[in-house]
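Remarks on the structure that follows.
Here, each number is a calculation from the coordinates, and none is a lab measurement. In this text, all values refer to a predicted model and were calculated from it rather than measured experimentally. As a convention, Cβ positions derive from the backbone with ideal geometry for all residues, glycine included, and neighbour counts pool all protein chains shown.
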Amino acid sequence: MPDADAPPRPARRPETRRHHGHEVVDPYAWLRDADDPATLRHLRDENAWTERVTAPLAGLREDLFGEIERRTQEDDTSVPVREGAWWYHQRTEKGRSYPIRVRRADDGTGTAPTGPEHVVLDLNDLVEDGDYLGLGVLDVSPDGNWLAYAVDRSGDERHDLHVRDLRTGEEAPEVLREVSFGFAWAADSATFWYTLQDESSRPDRVLRHVVGADPTDDVLVVHEPDERFHVAVHGSRSQAVAVVSMGSAVTSESWLLDAHAPESDPVLVAAREQDVEYSVAHHPTGLLVVSNHGGAEDFALWRAPLDGTTTAPRSTWECLIPHRPGTRIDGVEAFADHVVVHGRAGGLTALWHLDPSTGGIRPLATDEPVGTIAPGTNPSFDTDTYRLTYQSLRTPPSVYDEDLRTGERVLRKRLPVLDGFDPADYSTAREWAVADDGTEIPISLVWRTDARPTDGPAPLLLYGYGAYEASMDPWFSIARLSLLDRGVVFAIAHVRGGGELGRRWYEDGKFGHKEHTFTDFVACARHLVAEGTTTPDRLAARGGSAGGLLMGAVANLAPDLFRAIVAEVPFVDPLTTMLDPSLPLTVIEWEEWGDPLHDPAAYDWIAGYSPYENVAEGAHPAILATAGLSDPRVGFHEPAKWVARLRDRSSTAGDASLDGRPVLLKVEMGSGHAGPSGRYDAWRDEAFVLAFVLRSIVGR
């Protein structure tokens, strides 16, 4: 029986591994086995301990949940978008956890919906309150008659795909099991392509199915045997082709499927070359290709001649936007008479309108110096109107339609925020910290102007990620207002390993340079302390997944700099995971972290920063770690092992009071990487985290 007055301590069952002359004894490796009854008992004991220690926060959690609920317009409707003969939107209803997808017929002019509302899919009908439900596919056939939808009921990202006749509401008899995220309809509205996963959860196959047919008769279209590559399929806006994409972390390859001849073989766009990535957008006059071939580190835009679905070699491609160092091109959208390019400039997102007839380029402007502009939903090919979204740390998500001929922009909707919210009450800024090697690191900040103290430091929550070239661009959060209104400053450290400042920013935070991610974050924290914005006793850090690795690393690097750390589904045992190619994602991840199984240098650098390998003796910040039992991306055992080791080595990890610096683990026993799926469950989960943060840096 566990000691009710002490945190859980799992049994020590030493396992030894040997690689490159290193012998490591891991006493907690056995926790990876979810089928071991002792594992589940330990996870439940961790949850019980966490609930006991945080019990004094119950009232605050309810207050925070109530604030989120009051600020949220629970009965809400998105802006309709036209696709074919229908206008689609989604709405939410008070008391119901999931959105309802609906549509109305077009009025015949292509400009407005008319007639009664038809429900396309009501997710609330598919799940009981509190259960997990993830949606992997939601795609209506070109003729508007069939809906394909795929649901995940455990969080393991293996979906069951169903097909519904939208004319009758009846389901087709077949169910396709363990489907991944990729999907595309053919032009006949009877045939579609979908993806399946191998035993390690890697999407490795594209199959072709006909509605009503036996899935055992489905035809294998593509199989990718290389474990570094994931396979996806998606439709094109022109509806002439579907695109099969095969990608590793640094190399990609695309094939075209003829939507009007779905039984024909796929056609290769350009053969894969190591370290060359490209993506495509189909236009009947030429394939638009974003590629980094030829040394274009931040990518260039090309037009590849097309003969039907057959593409010409790279040597014949026309360069539409040449490579410009520091200006990152991320993607492209093709319309009948327009091209919209996505990218980054000056550390911020950017959209550009390219006139294909003149080659002229016009940026789609924003009003604030620090914000996030992004593509909206644009299914129609023959249109002059482009839908985009904008948000900032103080501006709620906003939907605009821009006339690409004139540049005129119309606000269609801004997320309603109730209970007296006024964006003018909040201030934002961008500051720059200096890393140990002299590199300037951007920091985005937001605070409530009248709640932040003017005569001294404020409590501050610093967020970070720093991997996969993923950029943590400024985003608005209703839940975050509960922090800001209590005087907390929120900041994002845009550390290397992300993509904020282009491909070089990413390359400088991976492989043997991964340490930059961690030292950049510490530099940002020290900058905020040095500027008098906060103090170590009022500073908390937060990050998830690869950002959870960052949290574990800074807990070792600078334990005295933070009062509390929230590490959500944290990748804190990277060395053990990268040594095991049987685990989901490991082989493809070798191109992100290195291959310690075969490369001694990679072993050494990962061992040098792995949080689990480097927990030091002494005091640590208060730590809240989370995990998902069904998580296919970061195994629940990683945070479970890390917490156990912290309890072994930290002088404060066993604290039973929030007045100390406890180390806590909260495990979602019925979900995966993304946590609870219903909005009310997600709000309660966020309230739990925010209460821990507030208690740590505001209300001790």
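Which residue is surrounded by the fewest Cβ atoms within 10 Å (Cβ to Cβ), if the candidates are limited to the stretch 663-685 and must be of a type outside the set (D, E, K, R) and assigned to a strand (DSSP E or B)?
Step by step, filter the stretch 663-685, then rank; the result is 667.
Can you spot a residue in the stretch 360-375 that is out of contact with any Lys or Arg (no Cβ under 8 Å at 6 or more places or on another chain) and under 18 Å from residue 283 (Cα atoms)?
no
Please verify whether the stretch 605-613 includes one or more residues that are more than 24 Å from residue 227 (Cα to Cα), surrounded by fewer than 18 Cβ atoms within 10 Å (Cβ to Cβ), touching a residue at least 12 places away in the same chain (Cβ under 8 Å) and not β-branched (Val, Ile, Thr).
Checked the stretch 605-613: at least one residue is more than 24 Å from residue 227 (Cα to Cα), surrounded by fewer than 18 Cβ atoms within 10 Å (Cβ to Cβ), touching a residue at least 12 places away in the same chain (Cβ under 8 Å) and not β-branched (Val, Ile, Thr).
Evaluate the following for residue 509: is it touching a strand residue (DSSP E or B) at 6+ places or on another chain (Cβ under 6 Å) and surrounded by 20 or more Cβ atoms within 10 Å (Cβ to Cβ)?
Numbers: touching a strand residue (DSSP E or B) at 6+ places or on another chain (Cβ under 6 Å): yes; surrounded by 20 or more Cβ atoms within 10 Å (Cβ to Cβ): yes.
So residue 509 passes the test.
Report those strands (runs of 3 or more DSSP E) wholly inside the stretch 152-259 carrying at least 1 residues which are in contact (Cβ under 8 Å) with a residue 12 or more places away in the chain and touching a Gly at 6+ places or on another chain (Cβ under 9 Å).
Numbers: elements: 159-165, 176-185, 191-197, 203-210, 219-223, 230-235, 241-247, 252-258.
Fully inside the stretch 152-259 and qualifying: 159-165, 176-185, 191-197, 203-210, 230-235, 241-247, 252-258.
Determine if the stretch 104-114 includes at least one residue that is in contact with a strand residue (DSSP E or B) (Cβ under 9 Å, 6 or more places away or on another chain), within 27 Å of residue 398 (Cα to Cα), among the β-branched types (Val, Ile, Thr) and not in a helix (DSSP H, G or I).
Yes.
Would you mind telling me which numbered condition in (1) among the acidic types (Asp, Glu); (2) in contact with a Ser or Thr (Cβ under 9 Å, 6 or more places away or on another chain); (3) touching a residue at least 60 places away in the same chain (Cβ under 8 Å) residue 46 fails?
Going through the list (1) among the acidic types (Asp, Glu); (2) in contact with a Ser or Thr (Cβ under 9 Å, 6 or more places away or on another chain); (3) touching a residue at least 60 places away in the same chain (Cβ under 8 Å), residue 46 breaks only (2).
What is the residue count in the stretch 273-311 for residues that are among the aromatic types (Phe, Trp, Tyr) and over 16 Å from residue 327 (Cα atoms)?
So the first thing to find is which residues in the stretch 273-311 are among the aromatic types (Phe, Trp, Tyr), and the list is 278, 299, 302.
Subsequent filtering for residues that are over 16 Å from residue 327 (Cα atoms) retains 278.
Adding up the residues that qualify gives 1.
Looking only at the stretch 404-430, which residues are surrounded by 12 or more Cβ atoms within 10 Å (Cβ to Cβ) and small (Gly, Ala, Ser)?
Across the stretch 404-430, the qualifying residues are 427, 429.
Please go through the stretch 64-75 and give me each residue that is in contact (Cβ under 8 Å) with a residue 12 or more places away in the chain and either surrounded by fewer than 14 Cβ atoms within 10 Å (Cβ to Cβ) or not aliphatic (A, V, I, L, M) (or both), ordered by number. It would help to see each step written out before you state the result.
Within the stretch 64-75, the subset in contact (Cβ under 8 Å) with a residue 12 or more places away in the chain is 64-65, 67-75.
The answer is 65, 67, 69, 70, 71, 72, 73, 74, 75.
Among the residues of the stretch 584-601, write down those that are more than 28 Å from the chain's Cα centre (by Cα) and either in a loop (DSSP other than H, G, I, E, B) or of a type outside the set (Gly, Ala, Ser) (or both). Steps first, please.
In the first step, residues of the stretch 584-601 are kept if they are more than 28 Å from the chain's Cα centre (by Cα); the result is 598-601.
Correct list: 598, 599, 600.
Identify all residues within the stretch 159-177 that are surrounded by fewer than 21 Cβ atoms within 10 Å (Cβ to Cβ) and of a type outside the set (A, V, I, L, M); write none if there are none.
Hits for the stretch 159-177 are 160, 162, 164, 165, 167, 168, 169, 170, 171, 173, 174, 177.
Looking at 368, 297, can you tell me which residue is over 24 Å from residue 81 (Cα atoms) and in contact with a helix residue (DSSP H, G or I) (Cβ under 7 Å, 6 or more places away or on another chain)?
Details: 368 fails: in contact with a helix residue (DSSP H, G or I) (Cβ under 7 Å, 6 or more places away or on another chain).
Sole residue among the options that is over 24 Å from residue 81 (Cα atoms) and in contact with a helix residue (DSSP H, G or I) (Cβ under 7 Å, 6 or more places away or on another chain): 297.
Look at the stretch 553-577 and say how many of its residues are touching an Asp or Glu at 6+ places or on another chain (Cβ under 9 Å) and either in a loop (DSSP other than H, G, I, E, B) or touching a residue at least 40 places away in the same chain (Cβ under 8 Å) (or both).
9
Please find, among 501, 483, 462, the residue that is in a strand (DSSP E or B), over 17 Å from the mean Cα position of the chain (by Cα) and either among the acidic types (Asp, Glu) or surrounded by 17 or more Cβ atoms within 10 Å (Cβ to Cβ) (or both).
Working: 501 fails: in a strand (DSSP E or B); 483 fails: in a strand (DSSP E or B).
Step by step, each of 501, 483, 462 is checked, and only 462 is in a strand (DSSP E or B), over 17 Å from the mean Cα position of the chain (by Cα) and either among the acidic types (Asp, Glu) or surrounded by 17 or more Cβ atoms within 10 Å (Cβ to Cβ) (or both).
Out of all the residues in the stretch 86-137, which are small (Gly, Ala, Ser), within 25 Å of residue 679 (Cα to Cα) and surrounded by fewer than 16 Cβ atoms within 10 Å (Cβ to Cβ)?
Taking the stretch 86-137 as the starting set, the residues that turn out to be small (Gly, Ala, Ser) are 95, 97, 105, 108, 110, 112, 115, 130, 134, 136.
Now narrow it down to the ones that are within 25 Å of residue 679 (Cα to Cα): 95, 97, 130, 134, 136.
Those that are small (Gly, Ala, Ser), within 25 Å of residue 679 (Cα to Cα) and surrounded by fewer than 16 Cβ atoms within 10 Å (Cβ to Cβ): 95, 130.
Are any residues in the stretch 602-635 β-branched (Val, Ile, Thr) and not in a helix (DSSP H, G or I), and if so, which ones?
Of the stretch 602-635, the ones β-branched (Val, Ile, Thr) are 606, 615, 623, 626, 634.
The answer is 615, 623, 626, 634.
Quick test of your reading of the structure: residue 35 fulfils all but one of (1) under 30 Å from residue 416 (Cβ atoms); (2) free of Cβ contacts under 8 Å to residues at least 12 places away in the same chain; (3) not in a helix (DSSP H, G or I). Name the failing condition by number.
(1)
Is it the case, given these coordinates, that residue 410 is without any contact (Cβ under 8 Å) to a residue 40 or more places away in the chain and among the aliphatic types (A, V, I, L, M)? Write out each step before concluding.
Details: without any contact (Cβ under 8 Å) to a residue 40 or more places away in the chain: yes; among the aliphatic types (A, V, I, L, M): yes.
The answer is yes for residue 410.
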